[in-house]
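What follows is a short report on a single structure.
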């Protein structure tokens, strides 16, 4: 997004580097619908997640709707075994993060296969997410080309090949 000095593609690339097994981000959620949604989890996981109807039992999602801040997945209660299933798809370690900056609710999950995130890595991820949250907060004041780029990137990242 050139007008604001914010580069969406570069920022999403930074998330991919820091979340080797993928991420999911819902920005500016109104009730349960985000204005923007970016997701890069493995296609096999997305298919399984959808077919098994895991959204309503996903502790990462419910945690983000009930809290702000971050939580490691290993610290979450997971009675339905959603995180155990995610680990089978290479998403063994992760964090969930929710913010309500400027009165707008956004949330994200970041995953990796090899180890827990360190506190400093979490601080970097959440700072970067807060920048993305603020850069996209005022959709009405963004140039039309920027809003269109956000929507296209949401589709490209979430549905590669679409």
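The values are calculated or read from the model by the stated rules, or taken from the named source; none is laboratory data. Since the structure is predicted, the reported quantities are computational estimates derived from the model, not experimental observations. Neighbour counts are summed over all protein chains in view; Cβ atoms, including those assigned to glycine, are modelled from backbone coordinates with ideal geometry.
Restricted to region 34-70, and to residues that are more than 13 Å from the chain's Cα centre (by Cα), touching a residue at least 12 places away in the same chain (Cβ under 8 Å) and assigned to a loop (DSSP other than H, G, I, E, B), which residue is surrounded by the most Cβ atoms within 10 Å (Cβ to Cβ)?
Out of the qualifying residues, it is 58.
Among residues belonging to region 131-162 that are exposed (fewer than 14 other Cβ atoms within 10 Å of the Cβ) and not in a helix (DSSP H, G or I), point out the one that is modelled with the highest pLDDT.
For region 131-162, the residue satisfying everything is 138.
Can you tell me which residue in region 10-33 is farthest from the chain's Cα centre (by Cα), limited to those that are crowded, with 17+ Cβ neighbours inside 10 Å and part of a helix (DSSP H, G or I)?
From region 10-33, those crowded, with 17+ Cβ neighbours inside 10 Å are 11-12, 15, 19, 21-29; that's our starting set.
Filter once more, so that each one left must be part of a helix (DSSP H, G or I): 11-12, 15.
Values: 11: 12, 12: 10, 15: 9 Å.
Step by step, filter region 10-33, then rank; the result is 11.
Given the conditions (1) buried (at least 18 other Cβ atoms within 10 Å of the Cβ); (2) closer than 26 Å to residue 120 by Cβ; (3) under 12 Å from the mean Cα position of the chain (by Cα), report the number of the one that residue 73 does not fulfil.
Failed condition: (3).
Any residue at all in region 88-99 that is over 22 Å from residue 31 (Cβ atoms), outside any strand (DSSP E or B) and in contact with a strand residue (DSSP E or B) (Cβ under 7 Å, 6 or more places away or on another chain)? Working first, answer last.
Of the residues in region 88-99, the ones over 22 Å from residue 31 (Cβ atoms) are 88-95.
Filter again for outside any strand (DSSP E or B), leaving 88-92.
Subset that is in contact with a strand residue (DSSP E or B) (Cβ under 7 Å, 6 or more places away or on another chain): 91.
Yes, there is a match, as at least one residue in region 88-99 is over 22 Å from residue 31 (Cβ atoms), outside any strand (DSSP E or B) and in contact with a strand residue (DSSP E or B) (Cβ under 7 Å, 6 or more places away or on another chain).
Which of the residues that make up region 86-130 are surrounded by fewer than 17 Cβ atoms within 10 Å (Cβ to Cβ), in contact (Cβ under 8 Å) with a residue 12 or more places away in the chain and farther than 17 Å from residue 15 by Cα?
If the condition is that a residue be surrounded by fewer than 17 Cβ atoms within 10 Å (Cβ to Cβ), in contact (Cβ under 8 Å) with a residue 12 or more places away in the chain and farther than 17 Å from residue 15 by Cα, then 100, 101, 102 are the ones that fit.
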